[in-house]
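In what follows, a single structure is set out as structure tokens and then discussed.
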Amino acid sequence: LYVIEMSTAPGCAPCADLWTRLFAFKAHYGWQVRTIGNDEAMLRSGRLGLPWVGNPVAWVRSTSDPNRIVPIAIGTDHDVNIARNAYLAAKMLTGVRAAVGVRAMSKFTGIVDSPPRRMISKSGLARR
């Protein structure tokens with residue numbers, strides 16, 4: 001149903017760490033894990049308006065639709081965050097409102113950020 005694709009580079013320590021975590025994820029959940037090249041990773045980042053940060057970046061996509069993708073890890077991350085982000089990405093790819101998934105991801109990762117909240121103080125609007 002889903003595949004995790006990752007950009008990588010030789011001698012990249014965060015890449016090696018993320019590969020270890022992704023293969024553990026693959027063994028536990030049965031998802032496919034593949035490599036993509038830097039050019040493809042840059043194109044994906046550009047399509048989503050993300051800055052190109054280098055390697056590694058892990059993406060989830062449906063095996064039947066190569067054009068709908070969701071980033072789940074930039075750099076390395078904890079196993080539970082990878083599993084949760086993969087689950088949220090799958091939900092977003094199957095029709096859950098993107099805002100729901102993005103809000104959930106923003107609580108635990110640096111991939112997406114929620115807009116700053118404003119509160120009203122005695123002197124007017126103030127950032128929290």
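The values are calculated or read from the model by the stated rules, or taken from the named source; none is laboratory data. Just so you know, these numbers come straight off a predicted model, no measurement behind them. In this analysis, Cβ positions are derived from the backbone assuming ideal geometry, glycine residues included, and neighbour counts consider all displayed protein chains. Please note that ligands, DNA and RNA were not included when accessible areas were found on the heavy atoms of the full protein model with its side chains. Shrake-Rupley method; radii C 1.70, N 1.55, O 1.52, S 1.80 Å.
Given (1) open to solvent by less than 70 Å² (accessible area, probe 1.4 Å); (2) modelled with pLDDT of 65 or more, where does L43 come up short, assuming only one miss?
Unmet for L43, out of (1) open to solvent by less than 70 Å² (accessible area, probe 1.4 Å); (2) modelled with pLDDT of 65 or more: (1).
May I ask you to list the residues in region 1-40 that are among the aliphatic types (A, V, I, L, M) and open to solvent by 30 Å² or more (accessible area, probe 1.4 Å)?
The answer is L1, A9, A13, A16, A24, A27.
So the check is Cβ under 6 Å with 6+ separation or different chains; which pairs have a first residue in region 70-82 that's closer than 11 Å to I4 by Cβ and a second one that's of a type in the set (G, A, S) and not in a strand (DSSP E or B)?
Partner pairs satisfying both residue conditions: V70/A89; I72/A86; I72/A89.
Run down T63, T76, T94 and say which single residue is open to solvent by 50 Å² or more (accessible area, probe 1.4 Å) and at pLDDT 90 or above.
T63
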